[in-house]
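Okay, so here's the structure we're looking at.
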Amino acid sequence: MSGKPRLHYVNARGRMEPIRWLLAAAGVEFEEAFLETKDDLKKLQTNGDLLFQQVPMVEIDGMKMVQTRAILSYIAGKYNLYGKDLKERALIDMYVEGLADLNELITSNFFQPADKKEEHLATVMDKATTRYFPVYEKVRGHGQDFLVGNKLSRADVQLLEIILLVEESKPDILAKFPLLQSFKAKTSNIPNIKKFLQPGSQRKLPIQEKDIPRLMQIFH
Amino acid sequence: MAGKPKLHYTCGRGKMESIRWLLAAAGVEFEEQFIETNEHLEKLRNGGSLLFQQVPLVEIDGMKMVQTRAILNYIAGKYNLYGKDLKERAWIDMYVEGTTDLMGMIMQLPLQSAEMREKNLALIIERAKTRYFPVYEKALKDHGHDYLVGNKFSWADIQLLEAILMVEECKPDILSAFPQLQAFKGRISNIPTIKKFLQPGSQRKPPADDKYIANRGKCCLTSVRFHFPQLLLKYL
């Protein structure tokens, strides 16, 4: 009855990328409908497809889901990537929320005025290496392959996503984090994830400066 | 073995308020330790209690939980306020994220210049009236139940009431065009645990205003600023 999940967003990472990662890691095939113009967004809005007039929107299991966190939680729950009980879920949630904060810091760099960008990026990299990565390095020190419950969860998927994102700005960011280096290698080799990391997958490229005006125009 | 949950935060609403609401609605007694100085915060940080060096921190069931969303999810799950299955949880999550966005806008007002505040207040009212409240009004009208999801009291109901009251503080007649929400507000406010929380002397915190921030000194404003930057980014 319900076919593949269908993702509605612009053809860019933005707030949809963690959802693409999670579906891919779960081995779930999905379709994408890209918003190319402001009219595309307006059409979804006037059709009543967007609960709060915003994207991301994911059609899944008969629902038109909105709100990134809600969508991610549903997918994680459905595909057993959310721990085995409340306490494991609590840990996963804490790790995931920390990564979401770091992600916001990084993506906010695009919206900084040109003369502030470099300084802002330096601050973000500093936070990555002093506030966030040490936490996950320490967790990895427990010797298990995965962050929580010795089983792949959304926390692992999201950590890999963020590591790769940060490396795009600073390739040697993991220099002082040997356990995260081995985590990166191991997790990248999980078949579903390895496939997603290959060219031609639905993973989106980093945003280019030249794309920003066009994307902003759709949303504002 | 586990005593009452213990909340570590400043003496204001901020990101802890939704947690206070949820615990209170669930009938869970909790303790609070207020962070009044930078030294106190540094002590928590140096003691290794704060996973990402930030508050809110809630000590609960042997865990030192941080990250508002993680804490709320845990409490909702533990006290059966999170629906009966994945799909109900999905709806609760969507509704909660909507009210979180709306309340997040209001939370930033005290941090802004008078001019920005006026502009954003108008935006908040407009969003409440055209983007958010119509959704909940329609949901209640369509199914005719007392509660938003699954005909059962949930986290979504608690947070909607919290949001309604917060917007009313900005504009008292905001619900004039929303009869379902008016009835909802009356109903939910009368639930005994919530009624108790709404009474003076409860652990509910007052809104942050200029006087409050001035009296509480630099610490409150600093602490409110250091974990709000992320919020500011959300509305681009």
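The values are calculated or read from the model by the stated rules, or taken from the named source; none is laboratory data. Since we're looking at a predicted model, the values are computed, not measured. We place every Cβ from the backbone using ideal geometry, glycine too, and count neighbours over all the protein chains shown. Ligands, DNA and RNA are stripped out before the accessible areas are found, and what is left, the full protein with its side chains, is counted by its heavy atoms. Shrake-Rupley method; radii C 1.70, N 1.55, O 1.52, S 1.80 Å.
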Under a 1.4 Å probe, what is the accessible area of chain B per residue, stated in Å²?
-> 45 Å²
Between the alpha carbon centres of the range B:2-58 and the range B:76-128 the gap in Å comes to 20 Å
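Could you work out the Kirkwood radius for the range A:23-109, taking every pair of different alpha carbons, averaging 1/r and inverting it, reported in Å?
15.0 Å
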Could you work out, residue by residue across A:52-63, how many beta carbons of other chains sit within 10 Å of that residue's beta carbon, and then give the average as an integer?
-> 2
Taking the convex hull of the Cα atoms, report for chain A its projected area averaged over all directions, in nm².
-> 12.8 nm²
Where the accessible area of the range B:1-127 is counted over protein heavy atoms with a 1.4 Å probe, how much of it, in %, is carbon and sulfur?
-> 50 percent
When the helices in chain A are scored as -39500 (n - 2.57) per DSSP H run of 4 or longer and the sum is shared across all residues, what 222 nm value do you end up with, to the nearest 500 deg cm²/dmol?
-> -15500 deg cm²/dmol
May I ask you to rank B:Tyr74, B:Tyr147 by accessible area, largest first, using a 1.4 Å probe over the protein chains only?
-> B:Tyr147, B:Tyr74
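If each DSSP helix of 4+ residues adds -39,500 (n - 2.57) and the sum is divided by the residues in chain B, what number results at 222 nm, nearest 500 deg cm²/dmol?
-16500 deg cm²/dmol
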One point scatterer per Cα, no solvent, Debye formula: log10 I(q)/I(0) for the range A:142-200 at q = 0.16, 0.28 Å⁻¹ comes out as -0.50, -1.32
Averaged over A:87-97, how many beta carbons belonging to a partner chain fall within 10 Å of each residue's beta carbon?
-> 6
Each residue of the range A:144-154 in order: what ³J(HN,Hα) in whole Hz does its phi give by Karplus 6.51 cos²θ - 1.76 cosθ + 1.60, θ = phi - 60°, with x for Gly and Pro?
-> 8, 6, 10, 5, 10, x, 6, 8, 4, 9, 4
Restricted to the protein assembly as shown, the DSSP antiparallel beta bridge percent, nearest 5, is 65 percent
Quantify, in whole percent, the carbon and sulfur part of the accessible surface of chain A (1.4 Å probe; protein heavy atoms only).
-> 52 percent
Quick one: how many Å² of B:Lys87 are accessible to a 1.4 Å probe, rounded to 10?
-> 90 Å²
Using Cα positions and a limit of under 18 Å, work out the lysines in reach of B:Lys64, with same-chain residues fewer than 8 apart set aside.
-> A:Lys87, A:Lys138, B:Lys4, B:Lys6, B:Lys15, B:Lys43, B:Lys78
P(r) weight above 30 Å for the protein assembly as shown, C-alpha pairs, percent | 45 percent
Roughly what % antiparallel, to the nearest 5, for the DSSP beta bridges in the range B:1-64?
-> 55 percent
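Accessible area lost on pairing B with A, both sides, 1.4 Å probe, Å² to nearest 100?
Answer for the B-A pair: about 3400 Å² buried.
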Determine the order of B:Cys170, B:Cys11 by accessible area, beginning with the largest, at a probe radius of 1.4 Å.
-> B:Cys170, B:Cys11
Drop in accessible area of at least 50 Å² in the complex versus isolated chain, residues of the range B:71-97, 1.4 Å probe | B:Tyr74, B:Leu86, B:Lys87, B:Arg89, B:Met94, B:Glu97
Antiparallel content of DSSP bridges confined to chain A, in %, to 5 = 65 percent
Part-to-part distance (alpha-carbon centres) for the range A:41-97 and the range A:150-220, which is given in Å | 19 Å
Let me see the pair-distance distribution of the range B:91-158: every alpha carbon pair, 5 Å bin width, integer percents in order.
-> 3, 17, 23, 21, 14, 10, 7, 4, 1
Shielded by partner chains, the range A:115-145 residues - at least 30 Å² of accessible area, 1.4 Å probe, vs chain alone = A:Arg131, A:Val135
Where does the range B:142-213 land on Rg(C-alpha)/(2.2 N^0.38 Å)?
-> 1.21
Which whole-Hz couplings ³J(HN,Hα) result when phi for each residue of the range A:158-164 is put into the Karplus expression 6.51 cos²θ - 1.76 cosθ + 1.60, θ = phi - 60°, listed in order with x for Gly and Pro?
-> 6, 4, 4, 3, 6, 4, 5
Looking only at lysines whose Cα falls under 21 Å of B:Lys185's and that sit 8 or more positions away or on another chain, we get B:Lys129, B:Lys138, B:Lys141, B:Lys152, B:Lys171, B:Lys195, B:Lys196, B:Lys205
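Rank these residues by their accessible area, most exposed first, probe 1.4 Å: A:His142, B:His145, B:His40. Don't jump to the answer; show the numbers that get you there.
On the way: A:His142 140, B:His145 75, B:His40 45 Å².
I get A:His142, B:His145, B:His40, largest accessible area first.
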For B:128-135, mean number of other protein chain Cβ atoms within 10 Å | 2
Computed P(r) (all Cα pairs; the range B:1-82; 10 Å bins; percent) | 18, 55, 24, 3
Rounded to the nearest whole Å², what accessible area per residue is found for the range A:25-184 with the 1.4 Å probe?
-> 43 Å²
